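Note sheet for the following structure.
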Amino acid sequence: MIYESRFVYALFTTIFIESIVVFILLPKDTDIFRKIASGILPSALTLPYIWFVFPAFFGMGEFYRWFSEIFAIVIELWVIYFISSISVLRAFFISLIANIVSFLLGILIFRI
């Protein structure tokens, strides 16, 4: 499978996994539009950088992996915060859990 096709598969898989986590962790009274946007936009905004921009600057080594995960957590927490109108701490928690879950499931999915 070519790199771009793998990216599209990873993008939709990541959005699906992280959206489920976001739906579960956002407050129950959060508007459905905000839940949907908080599930889709963070990954849609960060994954292209992780797949196409960062490898050009950092290669694909250990630093790239750590930098990419930290980048995703930080940017996604702010996107969730602004869309959902929740506290920064709660947005951080949601971003952290969503990224841990998608990272671990991604390892299982892409290694199988």
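The values are calculated or read from the model by the stated rules, or taken from the named source; none is laboratory data. The model shown is predicted, which means the values in this text are computed figures rather than measured ones. Heads up, the Cβs are rebuilt from the backbone with ideal geometry, glycines too, and the neighbour counts pull from every protein chain shown.
Of note:
- Here Tyr9 meets each of (1) at pLDDT 95 or above; (2) part of a helix (DSSP H, G or I) with one exception, condition (1).
- For the range 99-112, the candidate set comprises residues that are touching a residue at least 24 places away in the same chain (Cβ under 8 Å) and farther than 17 Å from Tyr49 by Cβ; within that set, the residue that is surrounded by the fewest Cβ atoms within 10 Å (Cβ to Cβ) is Phe110.
- Search result, residues across the range 18-53 that are assigned to a helix (DSSP H, G or I) and of a type in the set (Val, Ile, Thr): Ile20, Val21, Val22, Ile24, Ile32, Ile36, Ile40, Thr46, Ile50, Val53
- Evaluation of Met1 against the conditions (1) at pLDDT below 95; (2) crowded, with 16+ Cβ neighbours inside 10 Å shows that the sole unmet condition is (2).
- Unmet criterion (only one of (1) of a type in the set (Phe, Trp, Tyr); (2) out of contact with any Phe, Trp or Tyr (no Cβ under 6 Å at 6 or more places or on another chain); (3) farther than 22 Å from Met1 by Cα) for Phe58: (2)
- Restricting the range 16-27 to residues that are hydrophobic (A, V, I, L, M, F, W, C) and over 11 Å from the mean Cα position of the chain (by Cα) leaves a set whose member that is nearest to Arg111 (Cα to Cα) is Ile20.
- Ile83 falls short on exactly one of the conditions (1) loosely packed, with under 13 Cβ neighbours inside 10 Å; (2) more than 21 Å from Phe110 (Cα to Cα); (3) of a type in the set (Val, Ile, Thr), and that condition is (1).
- Members of the range 86-98 found to be exposed (fewer than 14 other Cβ atoms within 10 Å of the Cβ) and either at pLDDT below 95 or of a type in the set (A, V, I, L, M) (or both), listed by number: Val88, Leu89
- Out of Ile107, Ile32, Ile83, one residue alone is among the aliphatic types (A, V, I, L, M) and within 20 Å of Ala10 (Cβ to Cβ). It is Ile107.
- Set side by side, the residues Thr30, Thr13, Thr46 differ, and just one is more than 18 Å from Phe110 (Cα to Cα), among the hydroxyl-bearing types (Ser, Thr, Tyr), surrounded by fewer than 19 Cβ atoms within 10 Å (Cβ to Cβ) and touching a residue at least 24 places away in the same chain (Cβ under 8 Å), which is Thr30.
- Test: residue in the range 55-65 that is part of a helix (DSSP H, G or I) and within 15 Å of the chain's Cα centre (by Cα): yes
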